[in-house]
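The values are calculated or read from the model by the stated rules, or taken from the named source; none is laboratory data. The shown structure was predicted, so the numbers you read here are calculated from the model rather than taken from an experiment. Cβ atoms come from the backbone with ideal geometry, glycine included; neighbour counts cover every protein chain shown. Remember, those area values only see protein heavy atoms, side chains included, never the ligands or the DNA or RNA. Shrake-Rupley method; radii C 1.70, N 1.55, O 1.52, S 1.80 Å.
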Amino acid sequence: MSLLVVGLSHRSAPVSVLERAALSADAQVKLLQDTVAAEPATEAAVLATCNRIELYADVDKFHAGVAELSTLLAQHSGVGLEELTPYLYVHYEDRAVHHLFSVACGLDSMVVGEGQILGQIKDALATAQELHSAGRLLNDLFQQALRVGKRAHSETGIDRAGQSLVTFGLEQFAEGATVDAWARDKRVLVIGAGSMSSLAAATLARAGVAEVVVANRTFDRAERLATLLVEQYAQSSDRQDGTAVLARAVPIDAVADELTRADVVVSCTGATGLVLTAEVVATAMEGRAVRVPSPVAGPRGGNGGSAPAGASVVRGELPPTSVGTDENCPLDPAAAQTAQSVQTVQGTAGFSVLGEAAVAGMAAAELEQHAAWVDKGAAATATEGQSGSVALLDPAAEAEAITALAAAVAVLGRVPERRRPEPVAEVPRPTPVLSLLDLAMPRDIDAAAHRLPGVRLVDIESLAEASADAPMAADVDQVRRIVSDEVAAFGAALRAAHITPTVVALRTMAADVVAGEIARLDGRLPGLDDKQRSEITQTVRRVVDKLLHAPTVRVKQLAAEPGGAGYADALRTLFDLDQETVAAVSRAEGRDADSNNFESAENRGRA
């Protein structure tokens, strides 16, 4: 049997494909059951995180295994096999071991060195053990991966090469300041109560936020997390700012109301649809109370924080936040007029909003929205001769351009960019008053929310782009050496294990030969007393053991080396061992491994 992994991750597939292929907990269970029921596989485990989906299996045929695992992944993810195949990667034998060990060390993570993956590998192993889909190979593999990951974090400075996904996401909002300084005094809404949401809540509570509100579909879980936060950070020494954290739980249907009071939202749920649409966020922004930043640092010091308690509160005077409606142009009319003051409209080749550069690459839906906005006369013509104003094209004059561009969209999918866009004046956006961190896959928060004034959205896709330029620490090379050494050691142990059933079968056969010869001796020499018979028996056994000791030790050493798999076959041939006897030993060892896994799962349940 051989180890095979088939999967896709943020390195091989775009986020849009990853979020469509995301597996729910029930889908993972069904995938495991179907995999071990398939002919090529005898063991299976699924590692599914926010940015990877991997299926590990012990297979007896490589090509049949790849075909079967790929088909099962496509079937249970809901993404067609033809569409999924270009994004899949395959690792086999030692390369599969190397891949999992690298993943466990954080080398393959979106944020290099993050430690969250260790908990996810542990959960994957626990699920496979509880379903009895992990046998000796996968149990040993995943247990060793956990040890390798812990070794990498304890012996190197890989943690300095990157942070957890939560910390890295929050650093995008801090923009150069420390997370503690940025988060101080802010009000936080955490949607979800799983491991990632809990990590985010704890990170922000430790940083010194004023309040953490937890919303979850299961209210009891939200309440449990809020209680843990209060208990954990009840002492001032537990927090960076020396105060206790305020935490409370709310039902999931209270999220819209809490949005009007929150400064930071972190969402990571298992929902398959959007938890926060752009319209919900826009409504919250229009009705929220915005704290006015103090020009002087608060009593706690720091930079980038909100105004201290007691600062004046006013209703936010943010620009309209409607997104993609017929009443407002999707390209922001205010921004358009500012841009036109520095750029001449390119006649009928462009629009009266930002010129040809603005519509290059525009999707059909946005183009239609713009056409509707122009047709309704929302782009009122500016009065010529007024200072700083530019006459806009009459809507009728744009009809031909809109028709032509719509035809191009129908053929090409998007408006073609026929030339390099000319630089346009960048309109400053309001300082973000609502920071949205979406750590879910598929995403929880509508990507269109980033276009709302006063809103900053960071999601898995933007984190992938930001982390691509993150500096690599020198410790990464040391971790790679650890991985290589551990892969070699695991491979040697695995190859040696393959010959163990053959050695056991050989010794069993030798013991049977000794027992037969002693029985035959009893028949020939019935007068032997017990002492004499015992001495003869021990002598024969010692002779057999000494004859077999050197060959069996040596064959184990040779089998542990690369290419040593053939020694088991040679041993069976030389001693004429029955293949079924060897297989029976292997099955017995497999049952012992399954029993140990079951006992381990039972102990976790009792704990």
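Here the range 52-84 is scanned for amide nitrogen atoms under 18 Å from the site 7 Å beyond the Cα of His132 along Cα-to-Cβ, giving 58.
Percent of Cα pairs in the range 499-551 per distance bin of 5 Å, from zero to the largest separation: 4, 19, 26, 21, 14, 9, 5, 2, 0.
Simple spin-label estimate for Glu175 and Ala27 gives 3.6 nm between the two label positions (7 Å along the Cα-to-Cβ direction from each Cα). Along the Cα-to-C-beta direction of Thr272, a point sits 7 Å from the Cα; which residues of the range 7-47 have their amide N less than 17 Å from that point? The answer is 17-32. For the range 1-91, the calculated P(r), taken from all Cα-Cα distances in 10 Å bins from zero up to the bin holding the longest distance, is 19, 57, 24, 1 percent.
Label-to-label distance, Asp578 versus Ser195, with points set 7 angstrom from Cα along the beta-carbon direction: 4.6 nm. Here the 3J(HN,Hα) profile of the range 110-117, calculated from phi with Karplus coefficients 6.51, -1.76 and 1.60 at θ = phi - 60°, is 4, 10, 4, x, 5, x, 4, 5 Hz, Gly and Pro shown as x. Calculated on the alpha-carbon coordinates, the convex hull of the range 183-272 measures out at 75 cubic angstrom per residue. Per-residue 3J(HN,Hα) values for the range 31-40, derived from phi via the Karplus relation 6.51 cos²θ - 1.76 cosθ + 1.60 with θ = phi - 60°, read 4, 4, 4, 5, 5, 6, 7, 6, 5, x Hz in sequence order (x marks Gly and Pro). Within a straight-line Cα-Cα reach of under 26 Å, Lys150 can be paired with the following lysines, leaving aside sequence neighbours fewer than 8 residues apart in one chain: Lys122. Tell me, what % of the accessible area of the range 169-229 is carbon and sulfur with a 1.4 angstrom probe? Roughly 46 percent of what the probe reaches on the range 169-229 is carbon or sulfur. Rounded to the nearest 0.05, what FRET efficiency is calculated for Arg248 and Leu146 with R0 set to 35 Å and r the Cβ-Cβ distance? With a Förster radius of 35 Å, E is 0.50. Using the Cβ-Cβ distance between Arg11 and Ala466 with R0 set to 22 Å, the FRET efficiency works out to roughly 0.90. Computed from the alpha carbon positions, the gyration tensor of the range 483-575 leads to an equivalent ellipsoid with semi-axes of 38, 12, 9 Å, biggest first.
Each residue, Leu521 and Asp485, gets one label point 7 Å from its Cα in the Cβ direction; the gap between the two is 5.0 nm.
The mean sequence distance of close C-alpha pairs (under 8 Å, at least 6 residues apart), as a share of the length of the range 1-77, puts its relative contact order at 43 percent.
Backbone amide hydrogens, once placed in the peptide plane, bring Leu107 within less than 5 Å of Gly113, excluding anything fewer than 5 places away on its chain. Rolling a 1.4 Å probe across the protein heavy atoms gives the range 485-560 an accessible surface of 61 Å² per residue. May I ask you to give the percent of accessible area on the range 1-152 that is carbon plus sulfur, with a probe radius of 1.4 Å? Carbon plus sulfur share of accessible area: 49 percent. In straight-distance terms, cross-link reach from Lys61 covers every one of the lysines whose alpha-carbon lies under 24 Å from its own, apart from those fewer than eight places away in the same chain; here that gives Lys30. The Arg541 and Glu155 beta-carbon pair, evaluated with R₀ = 60 Å, returns a calculated FRET efficiency of approximately 0.85.
Between amide H atoms placed 1.01 Å from N, distances below 5 Å from Val265 occur with Leu189, Ser435, Leu436, Leu437, all of them 5 or more places distant or on a separate chain. Full extension of the chain between Arg261 and Leu228 yields a length gain of 9.6 nm, computed as 0.36 nm times the residue separation minus the alpha carbon distance. The H on the amide N of Ala247, modeled in the peptide plane, is under 5 Å from the matching H of Val212, each at least 5 residues off or on a different chain. Here the relative contact order of the range 87-237, from alpha carbon pairs under 8 Å that lie six or more residues apart, stands at 17 percent.
Spread over its residues, the convex hull of the C-alpha atoms of the range 67-190 is 175 Å³ per residue. Mean projection of the Cα convex hull over all viewing directions, computed for the range 447-531: 14.0 nm². Of the listed residues Val433, Val543, the order by accessible area with a 1.4 Å probe, largest first, is Val543, Val433. For Pro442, neighbours were defined as the other residues whose beta-carbon sits under 15 Å from its Cβ, and their charges (Lys and Arg +1, Asp and Glu -1) total -3.
Accessible surface calculations at 1.4 Å, restricted to protein heavy atoms, place the range 37-156 at 38 Å² per residue.
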